Amino acid sequence: MTTTVERPRSSGPQLGAVGWMRWGWRTLTSMRTALILLLLLALASIPGSVFPQRGTDAARVNDYLQANPTLGPWLDRLGMFDVFASAWFAAIYLLLCISLVGCIIPRTADFIRTYRKPPPPAPSRLSRMPAYTTVNDVATDSALLDDAEAYLRDNRWRVRRDGDAISAEKGYLHEVGNLLFHLCFIFLLLAVGVGGLFGWSARVIVVEGKGFTGSLTQFDSFRKGRLVNPDQIAPFSVVLQDFSATFQESGQQAGSPRQFEARALVSERPGKPVTEQEFQVNSPLVLPGVKVFLTGHGYAPEIKVTRPDGTVIFDDAVVFLPRDGNLTSTGVVKVPDVEPGFALQGLFLPTASIDPVQGPISTFPAAQDPQLFLGAFTGDVKIGGSVYQLDTTDLDLIGNQALRPGQSWELPDGTSVEFVGFRDFANLSLAHDPGRWLALIASVLVIVGVSMSLLLHRRRVWIRLSPQGDTVAEVAGLSRSGGGRVHDDVREIATMLSKRES
Amino acid sequence: MAQLSNAAVYASMLVYALALFGFAASLAARRVPLASKNAVLVGSAGAQDVEAPVADEPGRRSGNIALALSWLATGLLIVGFVLRGLAAERFPLGNMYEFSLGAAIAVALTYLIASTRTDLRWLGVWVIGAVLLTLGVAVTLLYTESAQLVPALKSWWLVIHVSAAAISGGAFTLSAGLIGAYLVRQRAEDRGRADSGLASRLPSADRLDLLSYRTIAFVFPVWTFAVIAGAIWAENAWGRYWGWDPKETWAFITWVIYAGYLHARSTAGWKGRKAAIIGLVGFVSFLINYFGVNFFATGLHSYAGV
Ligand code: HEM
C-alpha cells in the first residue's frame, strides 16, 4: 500500500485516541444521535407487541414455539420473546441515557452561565431578525427607551440597556422545564431499575375460608428482583373470609362481571391484631411493604370420597380453573396413596347446559344451576406435574357422572363420591415495588417539565432608535425555542411604542 | 335513553356530512392570495394578521355555513355522549364505541375552538372527514350496548386516563391534517407552483409548519399525562405501573415518536420535511394503538368490549 491520500473532506491532522474519544462523545451527545436513538427505541419496541412476551404471557410463547418449530427458536435467539429484557433493547436505552446525561450537564452549565449575565447586546442589523418591525413617527429620545424598559420590566423581561438600544430576554423557565424534564427522565429509569432489583411479585389462589402468609411456600408463583432476599418477604397473614361476585343479568353483555368483593382477616405480622378488611378490583388491600390485588375468581367444588369401609380418603374444596367467561371450569382430584390409586377429573358448570356441539358447558358465570361432571379413574396415579391436570395414560376409567350439590355417586367398587357443595376462590396478586414512589414523583416532574418546556418560550427582543431618522424606532425579536410567540411580542411592543404619549 | 343517544349520534353524523359538503365547496372556491406566503412575519407596527380573511374571498360563505353546521353537529354529538353516560349511569368512556365518540368530540371541539381564533376553514374537510370516519367506524364496527362497567374499569383514574387519551387523539388527528397540508404546500412552494391546484388553497408552508408544531406542543404534555395516568391506574388495579402490554407498548412508541418529532424540529438537517414525516408516523402509531391493538392483540386492555 502506498501512503494514504488525504481525503478531501478530512479537516486537519489525524485524530489521536483522545481525539477519537472526544469525537465519539460529541457524536453520542449530539441532538442528531439522540433523535436517531429515539426513533430506534420506538422501532425496537414493535416486536414486543407483535410476538408474545415471556414477561407477560409465558404460556403463549410456548404455544408459539410449538406452532413454529423452525422460525420460533431463531426468533427466541434474537430475543423476540423477551424484547424489553433483551441486550439490544438495553443497549439502545443505555446509549440514550448516556447521551442524555452528556446533553444535560453542559446544557445546565450553559444555562447557569447565561442566566448570570445580562442578555447580549443588540446585533447591528436588526432587520435580519426573523421578527422585525419599525415604529414610525415617534419621538426617538431616551424617554422612549425609558418607557420601553419600564414596560419590559413590568412584563418580566430581563433587560439590558446600552446607548440607543435595549436587549431583553424572557422565558428562562422554558430551559428550566426542559432540563427538569430530561433529568427526570433519568430518574424515571432509575425508579424502574430500583423496582426491578428490589421488587417482587407473587400470585396466590385462595379458597374462601382458607388463607396464606407471606412466605414463598404459600405462593403459586413468585418473581423477584435480583437483590431480594426470599426469606425476608413481609410476614403478614391473610384469611379470605368471603368472596362475592355479581354479573350483568341480561342484554348483549349478559354475564359480564359487575362487582367483585373480598373480605379478609388480616394480620400485619405474628402478634399484631387481626383486623377485618374489604378489598376489590381497583382497590387493593394495602399491607406494610406489599399490596394485595384481586385479579380474578372461580369456583372450588367441595368433594368427599369415602371407601366402602367408611374411610374418607379425600375431603376438600378443590380449585377448578375457569376455561371461559361463563366459568366453565376444570379440575382434578388425585389420591395416589391408596391402593389402587384413585383420581377424579371434573368439569364444574355454575349454570349447566348441554351444547349439542361442545357438550356440557356453562351459560352464565353465577351459580344458577351448578353441576359437577366427574370421571373416576383407578390405577397408578402419578404425583408431580400440575395439580390441575391428570395424566390418564396408566389409569382406567371406571365411570362418569353428573352431580348436583348434595348428591352422591356410588362407584362400581363401592367407593362413594359426594359433591358436598362449592365455594368461591379468589386469584390474588401481590406486589412490592420500592421504586414506585420515585417513579411517581419523576413522572409528575416529567409532566411539569415538558409542559413548561413546550408552553413557555425563550426569546429575545431588541429595541433600537434608528440612526436613519429621528422618528423611527426598530423592534426585532428572535425565538430561541420555536413556537412563534416572539412575533406577538414584537407586535405588542411596537403597538405599545406607537401608542405612547410623547 | 340509550336509543335517544343513538338518535343524537346519527343526527350529528348527518349534519357533519352536510358540513363536509360545505367545507369541500369552500375549499374548491378558495384561493389564498400569494401575498400571504410570509404571513408568519410581522408586518408593520399594529398591522393585523396578514391571514385575516378578505371580505369577498370566494368560498367564504359556504365555509362559514359549514362551520356553523359543525358546531350544531358537535352539539348533537355531545348530547348523544351525555345521554349515553346517563343511560349507563357512569362516565361514558368505558368501551371503544364510547371512546370513539369522545375522541370525535375532542377533534371537533379542538378544531372549532381553534378556528374562532384563526381562519381554519381550509382544514375543515380533513377534520370533519376524520370525525365522520371515526363516527362511522364507531356506529358500525364498534357499537356496544350501553351497560355498566366490568370491575376492572371502575376507577376514577380510568376516567382521567381515557379523557386525556381522547383529547390527545383529537389533537393528533388535527396535527396530522396540518402536517399533510404542510407537505403538500411545501412541495408546491419548492417547485414554484404554490399558486395553482390544492396548494394555492392552503396557507404558507411556514405557517402550516408552525401550526402543526403548536398542535403537537400542546398535545405532547397531554399525552404524557394520559400515559402516566394509565400507569397509575394500572398500579392500582394490577400491582404494576408498567408491564409492556401491547396497548402500553404502543402508547410508549407513540410517545417516543412524537418526542422524536420535537427533536427533529430543532435538529439541523431534520427540520421541515423529515420532521413532518416523523409527525405523520406518530399519528399512524397512535391509530395502531387505537384500533390495531384492540382487534389483533390480546392483553389486559382487551376486555373493554372490543
Ligand atoms: C430519553 C430520551 C429523550 C426524550 C424523551 C426527549 C424529549 C424531548 C422533548 C419532548 C423535547 C421538546 C421540548 C421542546 O421542543 O422545547 C426535547 C427537547 C430537547 N432535547 Fe430531548 N429528549 C431525549 C433525549 C435527549 C438527548 C439525549 C438530548 C441531547 C443530545 C436531548 C436534547 C434536547 C434539546 C437540546 C432540546 C431542546 C430543543 C428545543 O428547545 O427546541 N434530548 N426533548
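The values are calculated or read from the model by the stated rules, or taken from the named source; none is laboratory data. For clarity, every value in this text was computed on a predicted model and none was experimentally measured. Here Cβ is always computed from backbone atoms with ideal geometry, including for glycine, and neighbour counts include all displayed protein chains. What goes into the accessible areas is simple: the full protein's heavy atoms, side chains included, and nothing from ligands, DNA or RNA. Shrake-Rupley method; radii C 1.70, N 1.55, O 1.52, S 1.80 Å.
Under a model in which nothing but the beta-carbon of Lys, Arg (+1) and Asp, Glu (-1) is charged, region A:298-424 shows a dipole of about 320 debye around its Cα centre. Subtracting the Cα-Cα distance of A:Asn136 and A:Ile112 from 0.36 nm times their residue separation leaves 4.8 nm of extension gain.
Distance from the Cα centroid of region A:203-251 to that of region A:115-191 is 60 Å (rounded to whole angstrom). For region A:381-426, a Kirkwood hydrodynamic radius built from all Cα pairs, placed in the Stokes-Einstein relation at 20 °C and 1.002 mPa s, yields a translational diffusion coefficient of 163 µm²/s. So, counting K/R as plus one and D/E as minus one, what does the shell of residues with Cβ under 13 Å around A:Ala165 add up to? Within the 13 Å Cβ shell, the charges total +1.
Counting only protein heavy atoms and a 1.4 Å probe, chain A has 52 square angstrom of accessible area per residue. Computed from Cα atoms, the angle from the helix A:142-154 axis to the main principal axis of chain A rounds to 10 degrees. Once you sort the root eigenvalues of the Cα gyration tensor of region A:208-366 as a ≥ b ≥ c, which label holds: rounded (a/c under 1.5), prolate (a/b larger than b/c) or oblate (the other case)? Cα axes put region A:208-366 in the oblate bin. Here chain A exposes an accessible surface that is 56 percent carbon and sulfur, computed with a 1.4 Å probe and the other protein chains kept in place. Under the combined filter of DSSP loop state and at most 16 neighbouring Cβ atoms within 10 Å, region A:191-267 retains these GluC sites (Glu not before Pro): A:Glu249.
Within region A:96-153, the trypsin sites (Lys or Arg not before Pro) that combine a DSSP coil assignment with at most 16 other C-beta atoms in a 10 angstrom radius are A:Arg125. Both the radius of gyration and Dmax for region A:20-111 are 17.6, 57 Å, in that order, over alpha-carbon atoms.
Computed over protein heavy atoms with a 1.4 angstrom probe, the accessible surface ordering of A:Ser498, A:Ser167, B:Ser115, largest first, is A:Ser498, B:Ser115, A:Ser167.
Measuring with a 1.4 angstrom probe and ignoring ligands and nucleic acids, A:His174 comes out at about 20 Å² accessible. Relative to the longest principal axis of the Cα atoms of chain A, helix A:172-198 runs at roughly 20 degrees.
For the protein assembly as shown, compute Rg over Rh where Rg is the Cα radius of gyration and Rh is the Kirkwood radius from the inverse mean 1/r over Cα pairs.
So for the protein assembly as shown, dividing Rg by the Kirkwood Rh gives 1.07.
Considering only B:Ser155, A:Ala262, A:Ile186, and ranking their Cα positions along the charge dipole of the protein assembly as shown that arises from unit charges at the beta-carbon of Lys, Arg, Asp and Glu, the one farthest toward the positive end is A:Ile186.
Would region A:346-499 count as rounded, prolate or oblate if I go by the C-alpha gyration tensor, calling it rounded below 1.5 in a/c and otherwise prolate when a/b exceeds b/c, oblate otherwise?
prolate
Using heavy atoms of the protein chains and a probe of 1.4 Å, the accessible area assigned to A:Ile205 is about 40 Å². Each Lys and Arg Cβ is given +1 and each Asp and Glu Cβ -1; about its Cα centre, region A:258-315 then shows a dipole of about 160 debye.
Positive end of the dipole of the protein assembly as shown (Cβ unit charges, origin at the Cα centre): among A:Pro230, A:Ile313, A:Leu39, the Cα lying farthest that way belongs to A:Leu39. For region B:243-295, the direction-averaged projected area of the alpha-carbon convex hull comes to 3.5 nm². Around the amide H of A:Asp220, modelled in the peptide plane, lie the amide H atoms of A:Arg203, A:Val204, A:Ile205, all under 5 Å away and 5 or more residues distant in sequence or on another chain. Amide H to amide H distances under 5 Å link A:Thr330 with A:Leu321, A:Arg323, A:Phe348, where only residues 5 or more positions off or on other chains count and H is placed in the peptide plane.
Local charge sum around A:Gly195 (other residues, Cβ-Cβ under 9 Å, Lys/Arg +1, Asp/Glu -1)?
Numbers: positive: A:Arg436, B:Arg240; negative: A:Asp433.
Every neighbour counted, the sum reads +1.
Over all directions, the projected convex hull of the C-alpha atoms in region B:149-306 averages 10.2 nm² in area.
Summing both sides, the accessible surface hidden between B and A at a 1.4 Å probe radius is close to 4900 Å². Contact order, relative form, for chain A: 18 percent (alpha carbon pairs under 8 Å, 6 or more residues apart, mean separation divided by residue count). Of the residues making up region A:274-290, those losing 40 Å² or more of accessible area when the isolated chain is joined by the remaining protein chains, with a 1.4 Å probe, are A:Val281, A:Asn282. Each of A:Leu197 and B:Arg273 was given a label point 7 Å from its Cα along the Cα-to-Cβ line. The distance between the two points is 4.7 nm. Surface composition of region B:149-306: carbon and sulfur atoms hold 67% of the protein heavy-atom accessible area at a 1.4 Å probe.
One decimal place: the segment A:Asp396-A:Ser416 gains 5.5 nm when fully extended, by the rule 0.36 nm per residue minus the C-alpha distance. Rounded to the nearest 0.05, the FRET efficiency derived from the C-beta distance between A:Arg153 and B:Glu89 at R0 = 60 Å is 0.60.
Remark: mean inter-chain Cβ contacts per residue of B:222-228 equal 4, using a 10 Å Cβ-Cβ cutoff to other protein chain atoms.
For region A:298-424, the spread of Cα coordinates along the three principal axes comes to 39, 29, 27 Å, biggest extent given first. Between B:Ala231, A:Gly195, A:Asn155, the Cα set farthest toward the positive side of the dipole of the protein assembly as shown (charges on each charged residue's Cβ, about the Cα centre) is that of A:Asn155.
Step by step: find N for region A:250-339, compute 2.2 N^0.38 Å, then divide the Cα radius of gyration by it. What's the final number? Normalised Cα radius of gyration, region A:250-339: 1.54.
With a cut-off of at most 14 other beta carbons within 10 Å, and DSSP calling the residue loop, which chymotrypsin sites (Phe, Trp or Tyr not before Pro) in region A:387-461 qualify? Please list them.
Loop-located and lightly packed - A:Tyr388.
Dipole check for chain A: with +1 at the C-beta of Lys and Arg, -1 at the C-beta of Asp and Glu, and the Cα centre as origin, the magnitude is about 3320 Debye. One Cα centroid belongs to region A:291-316, the other to region A:18-89; the line between them spans 45 Å.
By how many degrees, between 0 and 90 and to the nearest 10, does the Cα long axis of helix A:87-116 differ from the longest principal axis of chain A? For A:87-116 against chain A, the angle is about 30 degrees.
In the assembled protein chains, A:Ile354 presents an accessible area of approximately 120 Å² (probe radius 1.4 Å).
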